[in-house]
Amino acid sequence: MIDDSSPSRKMLSRTLTLCQDLPINKQIIEADDGDTGVEALEFAMDCGQPIDCVLIDFTMVRMHGPEAVAIMRRRLGYRGLIVSVTGNVFDSDREKLFDAGVDHVLPKPMPMEQLLNILRNRRII
């Protein structure tokens with residue numbers, strides 16, 4: 001989960017881990033910016049640790065979401081699910097995200113049921 005807002009990361013992480021009726025049982029790795037998110041993903045991939053899904057914000061301080069996603073897809077070769085959870089839901093921003101390689105874009109505040117449906121459809125939960 002990559003978001004420069006600590007409260008956003010904590011809320012989403014807590015919500016996902018507290019879904020007791022769901023078989024989530026996943027470790028959630030948090031990063032506070034696109035560059036640290038790329039580094040965390042690269043480290044996990046180098047260690048053979050599977051990352052099922054990346055949740056990423058659009059606007060962050062050092063590296064924005066579209067740039068980070070492009071690196072994940074093109075340089076790292078990450079083929080897993082990438083969902084942008086962002087307040088930037090303008091068509092031009094959505095286009096940048098999809099061009100970079102995002103699979104889905106969800107607005108903030110995030111509709112949790114919509115995210116859970118995406119995760120179920122990809123058999124992540």
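Give region 71-93 a look and list any residue that's over 20 Å from LEU119 (Cα atoms) and of a type outside the set (S, T, N, Q), or say none.
ILE71, ARG74, ARG75, LEU76, GLY77, GLY87, VAL89, PHE90, ASP91, ASP93
In region 83-125, what residues are among the aliphatic types (A, V, I, L, M) and either within 21 Å of GLN27 (Cα to Cα) or in contact (Cβ under 8 Å) with a residue 40 or more places away in the chain (or both)?
VAL83, VAL85, VAL102, MET110, MET112, LEU115, LEU116, ILE118, LEU119, ILE124, ILE125
Scan region 40-52 for residues that are under 20 Å from LYS10 (Cα atoms) and either at pLDDT 95 or above or surrounded by 16 or more Cβ atoms within 10 Å (Cβ to Cβ) (or both) and jot them down.
Of everything in region 40-52, those that are under 20 Å from LYS10 (Cα atoms) and either at pLDDT 95 or above or surrounded by 16 or more Cβ atoms within 10 Å (Cβ to Cβ) (or both) turn out to be ALA40, LEU41, ILE51.
Of all residues in region 39-68, how many are in a helix (DSSP H, G or I), under 25 Å from ASN88 (Cα atoms) and out of contact with any Leu (no Cβ under 7 Å at 6 or more places or on another chain)?
The total comes to 4.
Any idea how many residues of region 101-125 are assigned to a helix (DSSP H, G or I) and within 22 Å of SER5 (Cα to Cα)?
5
Conditions tested, residue by residue: (1) within 13 Å of the chain's Cα centre (by Cα); (2) surrounded by 15 or more Cβ atoms within 10 Å (Cβ to Cβ).
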{"position": "MET1", "(1), (2)": "yes, yes"}
{"position": "ASP4", "(1), (2)": "yes, yes"}
{"position": "SER8", "(1), (2)": "yes, yes"}
{"position": "MET11", "(1), (2)": "no, no"}
{"position": "ILE56", "(1), (2)": "yes, yes"}
{"position": "ILE71", "(1), (2)": "no, yes"}
{"position": "LEU76", "(1), (2)": "no, no"}
{"position": "ILE82", "(1), (2)": "yes, yes"}
{"position": "VAL85", "(1), (2)": "yes, yes"}
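Checking LEU76 against (1) farther than 20 Å from ARG120 by Cα; (2) touching a Lys or Arg at 6+ places or on another chain (Cβ under 8 Å), which single condition isn't satisfied?
(2)
If a residue has to be among the aromatic types (Phe, Trp, Tyr) and within 22 Å of LEU115 (Cβ to Cβ) to count, how many in region 37-70 make the cut?
Within region 37-70, residues that are among the aromatic types (Phe, Trp, Tyr) and within 22 Å of LEU115 (Cβ to Cβ) number 1.
Would it be correct to say that ARG74 is out of contact with any helix residue (DSSP H, G or I) (no Cβ under 8 Å at 6 or more places or on another chain) and at pLDDT 95 or above?
Criteria met by ARG74.
For (1) at pLDDT 85 or above; (2) not β-branched (Val, Ile, Thr), each residue gets a yes or a no:
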site	(1), (2)
MET11	no, yes
THR36	yes, no
VAL54	yes, no
ASP57	yes, yes
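Quick one: in region 87-122, of everything that is modelled with pLDDT of 95 or more and touching a Lys or Arg at 6+ places or on another chain (Cβ under 9 Å), which residue is surrounded by the most Cβ atoms within 10 Å (Cβ to Cβ)?
For region 87-122, the residue satisfying everything is VAL102.
The values are calculated or read from the model by the stated rules, or taken from the named source; none is laboratory data. Small disclaimer: the values here were computed from a predicted structure and weren't measured. Don't worry about glycine lacking a Cβ; one is built from the backbone with ideal geometry, like all the others, and counts go over all protein chains shown.
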